[in-house]
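This is the structure, below, for whatever I ask next.
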Amino acid sequence: MSSTIHVDLEFLLLAGTLVTGLVWLLDRYYLRGRRAAKAAASGGQVTASGKDSRERDPWFIEFCISFFPILLIVLVLRSFIAEPFRIPSGSMMPTLLHGDFILVNKFSYGVRLPVLHTKIWETGEPQRGDVAVFRFPTDPSADYIKRIIGLPGDFIEYRDKTIFINHRPMAQVETGVYHGVGANSVMNGIPMYSEDLQVLSHGVLVRDPKRNRPIAEHVPENHYFVMGDNRDHSSDSRSWGFVPEKNLVGRAFLVWMNWDYAGKNFDFDRIGEKI
């Protein structure tokens with residue numbers, strides 16, 4: 001899940017909150033008093049905001065006072081509670097579709113400071129089967145979403161379309177073929193399977209004629225092995241390696257909207273879909 005043009009919204013939001021907050025503090029504890037003194041000296045009527053009733057506050061101060069609480073609330077919600085993301089590709093089909101808008105729990109894997117991403121509070125650890133958002137290891141400006149398959153210390157193998165975790169195969173049961181519309185119709189006719197990861201079962205797409213390079217690796221400490229549910233159309237740990245724990249952003253838990261870009265229609269059936 002990434003884009004070709006990256007705008008660090010988290011940094012911009014933090015900067016905006018700091019600037020408007022500093023202006024609010026400066027006005028509340030210094031500028032307001034100066035306005036009151038000036039109004040009293042000129043014989044004007046002093047308002048509750050400490051200014052001459054005949055004058056207006058500078059537009060910049062009014063702007064900051066109005067927007068500071070809004071920016072602060074958005075920053076807290078987005079950094080510590082939940083963050084929205086859009087799915088721009090089909091690498092997680094059939095679980096997540098192209099055009100899904102999802103919510104990601106930001107405190108599932110620990111509370112982190114915005115921008116710095118330093119963990120300040122342990123709240124939980126990733127579990128096998130979680131659908132996780134993370135900063136791409138080779139380009140942290142890009143956000144990716146995959147399913148966590150291997151935990152630290154696991155021995156992961158992938159051969160003949162089957163995952164082996166610590167030498168145990170993860171069973172797959174065919175459930176039919178995939179049928180989608182719009183941008184998601186490109187995978188129509190691909191076999192669907194239910195894959196049992198022991199802790200949960202989830203859907204995967206497997207294109208039988210296409211072969212994968214066998215994988216057999218130990219997951220390092222503080223790293224995770226991730227894969228897309230669309231097994232033959234996903235760039236994941238099989239090609240670029242493990243995800244460091246410090247790169248984790250949060251756990252995806254809800255689809256709140258789907259906009260089909262190809263058909264330019266909303267898919268109302270996706271609203272409220274749990275992940």
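Out of the residues in segment 124-137 meeting the condition of being open to solvent by 10 Å² or more (accessible area, probe 1.4 Å) and more than 19 Å from VAL199 (Cβ to Cβ), tell me which one is farthest from the chain's Cα centre (by Cα).
Looking at the filtered set, the residue picked out is PRO137.
Further, regarding this structure: I'd like the residue in segment 160-170 that is part of a loop (DSSP other than H, G, I, E, B) and within 15 Å of ARG231 (Cα to Cα) and, out of all such residues, is modelled with the lowest pLDDT.
ASP160
Also, I was wondering about something else. Output the qualifying pairs, or none if there are none: Cβ atoms under 6 angstrom, residues six or more apart or on different chains, first residue in segment 86-99 and crowded, with 22+ Cβ neighbours inside 10 Å, second residue of a type in the set (Val, Ile, Thr).
Short answer, once both residue conditions are applied: LEU96/ILE87.
Another question about this same structure. When the residues of segment 242-262 are filtered to those that are closer than 24 Å to MET187 by Cα and part of a loop (DSSP other than H, G, I, E, B), which remaining residue is least open to solvent (accessible area, probe 1.4 Å)?
Ranking the qualifying residues of segment 242-262, first place goes to ALA262.
So, ALA132, is that one of a type in the set (A, V, I, L, M, F, W, C) and over 14 Å from HIS223 (Cβ atoms) or not? Before you say what the answer is, go through the steps one by one.
On the way: of a type in the set (A, V, I, L, M, F, W, C): yes; over 14 Å from HIS223 (Cβ atoms): no.
It is false that ALA132 is of a type in the set (A, V, I, L, M, F, W, C) and over 14 Å from HIS223 (Cβ atoms).
Is it true that LEU75 is modelled with pLDDT of 95 or more, under 23 Å from ARG135 (Cβ atoms) and part of a helix (DSSP H, G or I)?
Considered against the rule, which asks whether it is modelled with pLDDT of 95 or more, under 23 Å from ARG135 (Cβ atoms) and part of a helix (DSSP H, G or I), LEU75 comes out as yes.
Still on this structure: Please enumerate the residues belonging to segment 154-174 that are open to solvent by less than 20 Å² (accessible area, probe 1.4 Å), among the hydrophobic types (A, V, I, L, M, F, W, C) and touching a residue at least 60 places away in the same chain (Cβ under 8 Å).
Across segment 154-174, the qualifying residues are ILE156, ILE163.
The values are calculated or read from the model by the stated rules, or taken from the named source; none is laboratory data. Nothing here was measured: the structure is a model prediction, and the numbers come from that model. In this analysis, Cβ positions are derived from the backbone assuming ideal geometry, glycine residues included, and neighbour counts consider all displayed protein chains. Ligands, DNA and RNA are stripped out before the accessible areas are found, and what is left, the full protein with its side chains, is counted by its heavy atoms. Shrake-Rupley method; radii C 1.70, N 1.55, O 1.52, S 1.80 Å.
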